[in-house]
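Visitor: Handing you this structure, nothing more for now.
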Amino acid sequence: MNLVREVGLQSGTSASATAGLKAIAAKTAPWLFGLAVLVFWEMITRLNNVPPYVLPGPLAIVESFRKDAPELLRALSFTLRVTVLAFLAAAIGGLVLGLLMASSRIVERTLLPYAVILQVTPIVAIAPLIIIWTDDIQVALLVCAVLVAFFPVLSNTVVGLHSIDPNLSDLFKLYGLSTWQTLFYLKLPSSLPFYLAGLRIAGGLALIGAVVAEFVAGTGGRASGLAYSILDSGFKLQVPRMFACLVLIALVGIAIYICLSILSRFLLRNWHDSAAPRR
C-alpha cells in the first residue's frame, strides 16, 4: 500500500512538473523564436556585407531609432491620434447604427447594402477624393480610417443582436418588460462578445486605414505621420529609418490588440465562455 502511495505521489509530482515546464515553454517560446530570428537576421547582413540601404540589420534599425527618436515619436503621435479617434468613431457609430438596423428589418435592408459598398471599396481609391474635398488633412485621414474600421463593428453588432436566445426574448415579453429594459438587460449583454470581437478587428483596421490614407496624403507633403516618414526615408534611401517606422507601426498594432483583448477578458471574464481560463 505504501509503495502504491509513493508511486502515486511521484507520478503526481512528475505530472505537475511537466505541466509547469509546458507553461514556461508556452510563455517563452515566442520570445525565444523572435530573438533567434533577430540574431539570424543580424548575422546574415554582417556575414554577407549587405549594405544598409538594401537590408539593414536589427542593430542598424535600433541605431536609426535612437538617432531620429524625436522626429519618429512626433510622427507616431500624429498617426496614433488619427487611429484612436477613428477607432472611437467606428466603435460608437457602429454600435448606434447596429442597434438601429437590428431594431427594424426595413432599416437593415435599406442601409446594409451601402455599408457593404463602403467596405468593399478600396480606401486607396477614394482617399484622394476625400483629401480633395476636405480642407483639413487630419479630418480627411480620420474619415478614411473610420471607413476602414467601421464595418466590422457594425457587422458584429448586428449579428450579436440577432443571436439572442428567442426563449429569453419571449420570457422578457411574458414578464412585461419594456423595450428599453429588454435592450439593456438582454440584447446588449448578449451581443457584447460579438461587439468586442468587432472592436478587436476594428482596432487594427483603424491603424491600417490611417497609414494608407497618410501614404496618399503624404505624397504631397500634407501629412506628418509614420507613413509620410516612410515615404521621406525611401526618397532619401534611409532604409534603416524606414524599418524603424515599420517597427513602430507593428508595435502600435500589437499594443492596440493587447489592450482590446484585456478589455474583452475584463468585461466577459465572469460569465462568458470565450473569456474563461483555458486548461
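The values are calculated or read from the model by the stated rules, or taken from the named source; none is laboratory data. Source: prediction; values computed, not measured. No Cβ is skipped: glycine too gets one built from the backbone with ideal geometry, and neighbour counts run over all protein chains shown.
Visitor: Could we say that Pro152 is without any contact (Cβ under 8 Å) to a residue 24 or more places away in the chain and in the same structural domain as Leu95 (by TED's automatic domain parsing) here?
Guide: For Pro152, the condition - without any contact (Cβ under 8 Å) to a residue 24 or more places away in the chain and in the same structural domain as Leu95 (by TED's automatic domain parsing) - is not met.
Visitor: For the range 116-141, how many residues are closer than 30 Å to Leu161 by Cα and either outside any helix (DSSP H, G or I) or touching a residue at least 40 places away in the same chain (Cβ under 8 Å) (or both)?
Guide: Going through the range 116-141 one residue at a time, the tally reaches 3.
Visitor: Here's a follow-up. So, in the range 166-189, of the ones that are part of a loop (DSSP other than H, G, I, E, B) and surrounded by fewer than 15 Cβ atoms within 10 Å (Cβ to Cβ), which residue ends up nearest to the chain's Cα centre (by Cα)?
Guide: Ser178
Visitor: Here's something else I'd like to know. Would you say Val143 is surrounded by fewer than 19 Cβ atoms within 10 Å (Cβ to Cβ) and at pLDDT 85 or above?
Guide: Judged against the criteria, Val143 is not a match.
Visitor: For the range 86-115, how many residues are more than 13 Å from Leu154 (Cβ to Cβ) and either free of Cβ contacts under 8 Å to residues at least 60 places away in the same chain or of a type in the set (S, T, N, Q) (or both)?
Guide: 7
Visitor: Scan the range 160-171 and give yes if some residue there is in contact with a Pro (Cβ under 9 Å, 6 or more places away or on another chain), of a type in the set (Gly, Ala, Ser), in contact (Cβ under 8 Å) with a residue 12 or more places away in the chain and closer than 15 Å to Ala91 by Cα, otherwise no.
Guide: The answer is yes; a qualifying residue exists.
Visitor: Exactly one of (1) over 29 Å from Ala244 (Cβ atoms); (2) loosely packed, with under 13 Cβ neighbours inside 10 Å is unmet by Val124. Its number?
Guide: Checking Val124 against (1) over 29 Å from Ala244 (Cβ atoms); (2) loosely packed, with under 13 Cβ neighbours inside 10 Å, the one that fails is (1).
Visitor: If you check Leu95, Leu73, Leu88, Leu100, which single one turns out to be buried (at least 16 other Cβ atoms within 10 Å of the Cβ), in the same structural domain as Phe243 (by TED's automatic domain parsing) and of a type in the set (A, V, I, L, M)?
Guide: Of the residues listed, the single one that is buried (at least 16 other Cβ atoms within 10 Å of the Cβ), in the same structural domain as Phe243 (by TED's automatic domain parsing) and of a type in the set (A, V, I, L, M) is Leu95.
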